[in-house]
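Novice: There's a structure below that I have some questions on.
The values are calculated or read from the model by the stated rules, or taken from the named source; none is laboratory data. Predicted model only: the values in this text are computed from it and were never measured. Glycine gets a Cβ as well: all are built from the backbone with ideal geometry, and neighbour counts include every protein chain shown.
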Amino acid sequence: MASLVSRVPRLFQAVGRTLAAQATRGYADAAAPVGMSFTFGSPGAAFYNAATNVRQVDVPTFSGDIGILPSHVPTLAVLKPGRLSVYEDEGNVNHFVVSSGSVTVNEDSSVQILAEEACRLEDIDPGLARSGLEKAQQQLSAASTDAERTEAQVAIEFHEQVVKAIE
């Protein structure tokens, strides 16, 4: 009986280590898919449709910029204007500018990004981006109602992010 009592603390220590190891593995180890299925589009274009050659996506959200990798914890987020980067398996990186929209990361490592407006960074004319910013700033100066001011401020924020992304 005395030998059993003296072994109990060691048994609890062993069980405790096992439970602690299981707890620290977390979500990523439990899910552990090999890749992600990536879908990204806007009303005007579908850039990726269930692509499996994507290894990382960097997304601008109102909660901050996030990097999405396979086995990312399930997430819902709102896009903010800015640069979205898609890193493919072959080493290719595609950059986009997005306005607003939604980001969904599912438990099965599928990712969907739906943007209200999106275009490839290389398709943007820097001169037009800067003139759009100037026009939006003029609209803000001329705004006489709260609705006009709000609309101009949204346009300014978007154009500032576009100009920042291309520089």
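Novice: Considering every residue within the range 83-98, establish whether at least one is in contact with an Asp or Glu (Cβ under 9 Å, 6 or more places away or on another chain) and modelled with pLDDT under 90.
Specialist: No, that holds for no residue.
Novice: Follow-up. Restricting to the range 143-164, name every residue that is under 17 Å from A115 (Cβ atoms), surrounded by 15 or more Cβ atoms within 10 Å (Cβ to Cβ) and either without any contact (Cβ under 8 Å) to a residue 40 or more places away in the chain or not assigned by TED's automatic domain parsing to the domain that holds R130 (or both).
Specialist: The answer is A155, H159.
Novice: Could you tell me how many of the residues in the range 37-68 are part of a loop (DSSP other than H, G, I, E, B), in contact with a Lys or Arg (Cβ under 7 Å, 6 or more places away or on another chain) and surrounded by 13 or more Cβ atoms within 10 Å (Cβ to Cβ)? Steps first, answer last, please.
Specialist: So the first thing to find is which residues in the range 37-68 are part of a loop (DSSP other than H, G, I, E, B), and the list is 43-44, 52-53, 60, 62-65.
Checking which are in contact with a Lys or Arg (Cβ under 7 Å, 6 or more places away or on another chain) leaves us with 60, 62.
Remaining after also requiring surrounded by 13 or more Cβ atoms within 10 Å (Cβ to Cβ): 60.
Final tally of qualifying residues: 1.
Novice: Being farther than 19 Å from F158 by Cα and of a type in the set (A, V, I, L, M) is true for just one of L76, L128, L121, L84. Which residue is that? So that I can check it myself, show each step before the final result.
Specialist: Numbers: L128 fails: farther than 19 Å from F158 by Cα; L121 fails: farther than 19 Å from F158 by Cα; L84 fails: farther than 19 Å from F158 by Cα.
On inspection, the qualifying residue turns out to be L76.
Novice: For the range 118-136, which residues satisfy the criterion of being farther than 15 Å from E160 by Cβ and exposed (fewer than 15 other Cβ atoms within 10 Å of the Cβ)?
Specialist: Scanning the range 118-136 gives R120, E122, D123, D125, G127.
Novice: All but one of (1) in contact (Cβ under 8 Å) with a residue 12 or more places away in the chain; (2) out of contact with any helix residue (DSSP H, G or I) (no Cβ under 9 Å at 6 or more places or on another chain); (3) over 25 Å from F47 (Cβ atoms) hold for Q112, so report the exception by its number.
Specialist: (3)
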